[in-house]
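One structure is given below, encoded as structure tokens.
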Amino acid sequence: MHARPNSLERALELLDQGSWSILAGGTDYYPGLRDRAPTGAVIDITSIAALRQIVIDDQQSVYRIGALTTWSDLVAAELPPAFDALKAAAIEVGSIQIQNRATIAGNLCNASPAADGVPPLLCLDADVELASTAGTRRVALGQFIQGNRKIERNANEMVTAILVPLNATRGHSAFLKLGARRFLVISISMVSANLELDADGRIKKAWIAVGSCSEVAMRLPSLEQALTGLAAAGFSADQGRAELADVIATTVRADLKPIDDVRASRLYRLQAAAELILRVIASAVTSAQGSQA
């Protein structure tokens with residue numbers, strides 16, 4: 001069975017009536033079939049135009065990123081520097097053809113430990129909005145993705161938007177990804193940082209997240225706390241950079257639990273994550289200082 005509703009209301013009514021797979025961009029759905037014909041009931045939501053937009057919702061004080069927003073849509077959108085990391089991740093999601101089709105919500109719902117969009121969104125304190133005929137609810141992204149291919153969504157619910165609080169968009173961000181080659185690769189490690197500086201150039205608020213180094217991408221709150229209050233200018237000096245590297249290495253060893261697999265060993269992932277964190281912090285600081293100049 002195949003349905004292509006033109007409204008969110010109709011899609012939610014269908015979800016109440018049985019077991020459905022939800023099709024958005026299809027860039028995970030079709031490869032998952034492995035050349036088999038689709039089976040079961042499928043709701044194609046691509047005709048619901050209201051789900052493909054990025055707007056500021058003043059009532060909720062959030063940026064609302066519609067569930068059907070593609071990575072190409074995101075890159076083209078005029079957004080503050082706090083979204084730079086998410087845009088950088090967007091251009092790492094497969095080829096241009098995939099970026100034109102794949103949706104941000106689909107990337108989250110697929111719940112891969114290597115999902116490129118998750119670390120930048122964690123650094124934006126993002127929530128996931130879920131809707132059903134009974135109403136809507138918000139779930140923090142860190143709770144929405146519960147494990148490898150596991151998400152917090154009831155069978156009668158659909159992701160309708162990603163919500164980014166306005167107060168998380170005052171900083172400057174950066175994203176880096178390491179793979180076996182430059183493009184079209186599943187990451188060995190990826191890191192995002194979002195830093196807000198005060199008027200004196202000290203870190204007022206820090207968000208740091210790492211993907212591909214644990215079952216789900218995760219924030220590093222102990223490192224965020226250690227960074228808060230530090231003078232960003234000090235990171236450019238050799239001693240400051242060395243001290244920062246030591247703090248990062250200690251945090252990474254304590255908080256991350258990567259696995260050994262065909263792409264990299266556990267030890268290599270830990271070392272790579274530490275170096276990537278150092279680099280994204282430096283990049284975010286440079287961006288923030290440039291805005292204050």
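The values are calculated or read from the model by the stated rules, or taken from the named source; none is laboratory data. Being a predicted model, the structure only gives us computed values, none of them experimental. Heads up, the Cβs are rebuilt from the backbone with ideal geometry, glycines too, and the neighbour counts pull from every protein chain shown. Accessible surface is based on the protein model in full, side chains and every heavy atom, while ligands, DNA and RNA are left aside. Shrake-Rupley method; radii C 1.70, N 1.55, O 1.52, S 1.80 Å.
Rounded to the nearest 0.05, the FRET efficiency derived from the C-beta distance between residue 140 and residue 225 at R0 = 25 Å is 0.85. List the pairs from 150/205; 150/257; 87/177; 87/205 whose alpha-carbon separation is above 23 Å, in the order I gave them. With Cα atoms farther than 23 Å apart: 150/205. For the pair the stretch 1-37 and the stretch 96-128, the centres of their Cα atoms are 19 angstrom apart.
Each residue of the stretch 158-163 was assigned a 3J(HN,Hα) from its phi angle through the Karplus curve 6.51 cos²θ - 1.76 cosθ + 1.60 (θ = phi - 60°); the sequence is 9, 5, 10, 6, 10, 10 Hz, with glycine and proline shown as x.
Each principal axis of the Cα cloud of the stretch 140-293 was taken in turn, and the coordinate range along them, longest first, works out to 49, 37, 29 Å. Taking a label point 7 Å from the Cα of residue 289 along the Cα→Cβ vector, which residues of the stretch 232-250 have an amide N closer than 17 Å to it? 232-245, by backbone N distance to the label point. Modelled spin labels at residue 35 and residue 16, positioned 7 Å past Cα toward Cβ, are 4.3 nm from each other. Our estimate of slack between residue 265 and residue 59, defined as 0.36 nm per intervening residue step minus the Cα-Cα distance, is 69.5 nm.
Between residue 154 and residue 3, the distance separating the two model label sites (each 7 Å from Cα on the Cα→Cβ line) works out to 1.7 nm.
Compared with the alpha-carbon gap, the fully stretched path from residue 170 to residue 78 is longer by 31.7 nm at 0.36 nm per residue.
Carbon and sulfur atoms: what percent of the 1.4 Å accessible area of the chain do they account for?
Details: 6900 of 13790 Å².
The value for the chain is 50 percent carbon and sulfur by accessible area.
Our compactness index for the stretch 1-103, the C-alpha radius of gyration over the empirical 2.2 N^0.38 Å, is 1.21. In the context of the full set of protein chains, the stretch 31-155 has a per residue accessible area of 45 Å² (1.4 Å probe). I'd like the Kirkwood hydrodynamic radius of the stretch 1-60, using the inverse of the mean 1/r over distinct C-alpha pairs, in Å. Result for the stretch 1-60, one decimal place: 13.1 Å. Here is the list for the stretch 201-293: GluC sites (Glu not before Pro) lying in DSSP coil, each with at most 16 other C-beta atoms within 10 angstrom of its C-beta, are 215.
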